[in-house]
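Heads up: the structure comes next, in structure tokens.
Just so you know, all these numbers are worked out from the coordinates, no wet-lab data involved. Just so it is clear, the model here is predicted, and its values are computed rather than measured. Here Cβ is always computed from backbone atoms with ideal geometry, including for glycine, and neighbour counts include all displayed protein chains.
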Amino acid sequence: MSALELIDKVGDYHPEADAELIQRAYDFSEKMHRGQRRQSGDPYFIHPVGVANLIADLKLDVPSVCAGLLHDVVEDTLASLDVVQSEFGEEIASLVDGVTKISQVNFTSREEKQAENFRKMILAMARDIRVILIKLADRTDNMRTLGHLKPDRQRYIAQETLDVYAPIAHRLGINWIKNDLEDNALRFMRPEVYYQLKRNVAKKKVEREKYIREFIKVVSRVLADAGIEAEVVGRPKHFYSIYDKMQRYDLLYDQIYDLVGFRVVVDSVADCYAALGLVHANWKPVPGRFKDYIALPKNNMYQSLHTTVIGTTGERVEVQIRTHEMHRVSEFGIAAHWRYKEGKATGKSEAQRFAWLRQLVEWQQNLSDPREFLGSIKEDLFSDEVFVFTPAGDVLNFPEGATVIDFAYRIHSEVGQHCAGARVNGVLVPLGYELSNGDTIEIVTTASQTPSKDWLGMVKTSRAKTRIRAWLKYLERSRSLAVGRDVLERDLRKRGLDLKKLRKRGKLAEVAAAFGLKDDESLIAGVGYGKITTRQVLSRLLPTEDLDGEETEEGMLRRLIRRVTGSEPSVKVSGVDDVMVRFGKCCDPLPGEEIIGFITRGKGVTVHASECPQVLASDPQRQVHVAWESGSGGARRARLEVRCLDKPGMLAAITKSIGGAGVNISSAQVQSTRDEQAINSFEVMVQDAAQLNGVMRSIGKLRGVINVRRARD
Ligand code: MN
């Protein structure tokens with residue numbers, strides 16, 4: 001590529017580009033690299049030009065293009081950074097410096113020095129994101145021309161690309177670079193797989209292209225008939241994603257049917273939902289495959305509707321629906337906000353959308369050990385993690401889906417132990433609140449709060465899980481001991497026996513041994529927990545005839561509950577599971593609803609909604625009165641089923657209505673029915689029955705909604 005071709009390419013998106021500056025950088029780089037050759041024997045200069053070309057593909061500004069041309073002169077030629085600065089100015093010099101520094105980092109080493117370099121890179125990246133964009137272009141060009149290196153060197157670079165650069169491209173949302181890097185990495189890591197895939201894909205080319213054309217034709221017609229202007233594209237998926245799928249699901253190439261993905265690009269968000277409705281009306285959607293990344297954008301700002309439908313020959317077809325703007329973001333990611341724009345500086349709000357990058361920088365200021373930083377950054381790049389702030393401004397990272405309870409345990413185990421809720425960005429939230437990037441979390445503790453069984457389902461970190469389990473175990477045992485001692489004492493006294501004396505004389509330990517238990521304390525705890533009845537204990541201490549007229553097990557349990565809860569056999573139920581209390585999974589009762597408890601042997605009390613069919617089927621003898629405790633804790637799950645007309649914008653209107661009531665949706669599913677209706681199923685997290693009823697009422701008022709019902713198994 002000549003200097004003129006490059007200048008023309010930049011001029012296409014940036015008419016006022018400083019052609020003279022590009023020309024000078026081109027000439028300077030050419031002169032400095034003159035005589036240098038690549039492994040292939042080609043002049044080295046081909047590489048910086050290739051990088052500058054990729055930077056122009058990203059439509060970045062002139063300093064970035066120049067830095068692309070100059071990115072290797074400081075490291076690989078006699079030119080110093082000072083010379084670059086005096087020739088091309090501060091801005092370009094600092095970009096070149098940034099890229100040079102990253103190139104010196106060996107990412108696979110965990111040495112402290114390398115960690116420090118990695119930190120510098122993140123800092124450079126945060127100071128000027130163009131540095132990392134240039135570096136990505138550099139790596140992309142290198143990966144395309146890796147063929148002439150020795151195989152072990154190829155594999156090393158390919159691995160580093162998969163480990164570091166592809167995740168960065170993904171995190172920055174630059175899809176085409178990520179795909180390019182991954183495909184080339186596969187080519188050098190697993191050449192046999194790569195070329196086999198390539199042959200397979202080529203074999204069915206004609207067939208596939210015909211298929212693509214036809215699907216596009218039908219989709220376009222369906223959309224056009226509805227007055228939606230859309231651009232429909234279909235293309236084979238990139239090799240690495242096919243490979244990844246084969247690996248992950250242990251499939252052969254022939255077993256992968258969705259090799260082609262279709263994309264529908266429309267003008268507005270409303271059109272996106274309308275197009276989705278039309279696609280679902282014409283092709284049967286595969287349940288559970290619909291994802292709404294418009295309502296809930298990914299961390300890297302990606303937005304789209306994803307769905308999978310059954311095609312005409314029974315095959316699965318993936319369809320992504322998005323607006324032109326969303327498409328631009330999905331292809332260019334962060335680069336979309338750094339590309340040259342006429343007379344417009346990068347908006348502040350755009351920079352704020354990359355809050356995670358700022359957090360990284362602020363975070364590193366609080367860490368003295370760079371290795372710690374490296375470890376955490378890697379985690380962030382490789383897994384989906386969230387970064388949140390403590391009130392003091394420290395940043396902590398958590399796996400995606402972690403809640404305020406995980407946060408509390410990270411602060412201190414005592415804080416976790418008494419965590420009653422949290423203020424997130426100043427607003428009170430329940431315990432089940434999932435942390436999201438950039439939140440500032442302040443834990444609210446109360447002395448009376450302690451962990452419950454329900455917490456185990458709410459936490460993601462192993463630290464929190466271990467602590468909660470330990471507490472539950474302790475609690476169970478100490479509670480069981482107290483109850484067991486009480487019950488045994490009384491039943492023994494009725495027969496003239498004394499628990500304390502029996503223990504002292506070792507009688508109880510003998511009984512315990514007969515049950516295969518460690519000691520008398522374990523026996524007492526076993527009675528308290530309901531695993532062993534007093535009748536069983538007595539039968540070991542007394543001749544059997546003396547046991548006539550012994551009360552039933554139910555009667556014993558009923559009395560046991562009376563002991564635990566006071567004079568009336570009434571169990572106070574909080575919104576959160578208790579060791580002794582469980583909620584029926586069949587009906588998921590909510591605070592405020594009428595409930596009935598059932599005594600379950602060895603498992604305490606199970607609480608059902610009074611209208612639950614399980615209630616009728618249960619033995620009334622085991623029934624026990626239960627009542628909600630006021631002011632009870634966390635959000636509870638409820639499922640809603642909304643039947644509505646299958647028309648554009650319905651789903652958006654419903655989700656908006658749920659969100660408007662301050663209720664979180666934990667999952668959603670859409671299914672079209674034959675009669676041009678759709679059934680939308682939502683799982684929502686609500687505080688109580690009143691809140692759920694409010695949400696159901698407001699959905700019911702929406703135009704097009706036929707009915708709303710609470711879904712129960
Ligand atoms: Mn280079």
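Under 5 Å between amide hydrogens, which residues at least 5 positions from residue 635 or on another chain qualify, with H placed 1.01 Å from N in the peptide plane?
Residues meeting the amide H criterion: 431, 432.
Dipole of the range 1-110 (Lys/Arg Cβ +1, Asp/Glu Cβ -1, origin at the Cα centre): which of 14, 28, 100 lies farthest to the positive side?
Result: 100, furthest along the dipole toward the positive end.
Quick one: what do you get for the range 189-279 if you divide its Cα Rg by 2.2 N^0.38 Å?
Taking the Cα Rg and dividing by 2.2 N^0.38 Å, one obtains 1.32.
Expressed in whole Å with the largest first, what are the equivalent ellipsoid semi-axes of the range 207-335 derived from the C-alpha gyration tensor as the square root of 5 times each eigenvalue?
They are 23, 19, 14 Å, listed from largest to smallest.
Per residue, how much space in cubic angstrom lies within the convex hull of the C-alpha atoms of the range 119-208?
106 Å³
Provide the three semi-axes, in whole Å and in decreasing order, of the ellipsoid equivalent to the range 638-685 as defined by the square roots of 5 times the Cα gyration tensor eigenvalues. Please report the intermediate quantities before stating the final value.
Numbers: eigenvalues 76, 27, 9 Å².
Rounded to whole Å, the semi-axes are 20, 12, 7.
Quick one: which residues, 5+ away or cross-chain, put their amide H under 5 Å from the amide H of residue 581? H built at 1.01 Å from N.
Hits under the 5 Å cutoff: 605.
What full-extension length gain, to one decimal in nm, is calculated for residue 475 and residue 637 as 0.36 nm per residue of separation minus the Cα-Cα distance?
Once the chain is fully extended between residue 475 and residue 637, it gains 55.8 nm.
Evaluate the distance, in nm, between pseudo-label points positioned 7 Å from the Cα of residue 324 and of residue 284 along their respective Cα→Cβ axes.
The two pseudo-label positions are separated by 3.7 nm.
Divide, for the range 25-86, the radius of gyration over alpha carbons by 2.2 N^0.38 Å, where N is the residue count.
On the way: Rg = 11.4 Å, N = 62, 2.2 N^0.38 = 10.6 Å.
My calculation over the Cα atoms of the range 25-86 gives 1.08.
Go through 281-292, 64-75 and give me the packing order, highest mean Cβ count within 10 Å leading.
64-75, 281-292
Ratio of alpha-carbon Rg to the 2.2 N^0.38 Å globular estimate for the range 400-535, to two decimals, please. Provide the component values of the computation, followed by the final result.
Values: Rg = 20.8 Å, N = 136, 2.2 N^0.38 = 14.2 Å.
Cα-based Rg divided by the globular estimate yields 1.46.
Expressed in nm to one decimal, what extension gain is obtained for the pair residue 37 and residue 683 from 0.36 nm per residue of sequence separation less their Cα-Cα distance? It would help to have the intermediate numbers written out before the result.
Details: separation 646, 0.36 × 646 = 232.56 nm, distance 6.12 nm.
Full-extension gain reported as 226.4 nm.
When all alpha-carbon pairs of the range 494-544 are counted, what percent fall beyond 14 Å?
On the way: 609 of 1275 pairs.
The calculated P(r) of the range 494-544 puts 48 percent of pairs beyond 14 Å.
I'd like the FRET efficiency for residue 203 and residue 425, computed as 1/(1 + (r/R0)^6) with the beta carbon distance as r and R0 of 56 Å, rounded to 0.05.
0.55
Go ahead and run the numbers for FRET between residue 706 and residue 46, Cβ-Cβ distance against an R0 of 51 Å, rounding to 0.05.
Numbers: r = 64 Å, r/R0 = 1.26.
Here the calculated transfer efficiency is 0.20.
Between residue 1 and residue 671, take the C-beta separation as r, use R0 = 56 Å, and let me know the FRET efficiency to the nearest 0.05.
0.60
Please give me, ordered by residue number, the GluC sites (Glu not before Pro) of the range 624-684 that lie in loop per DSSP and have at most 11 other Cβ atoms within 10 Å.
676
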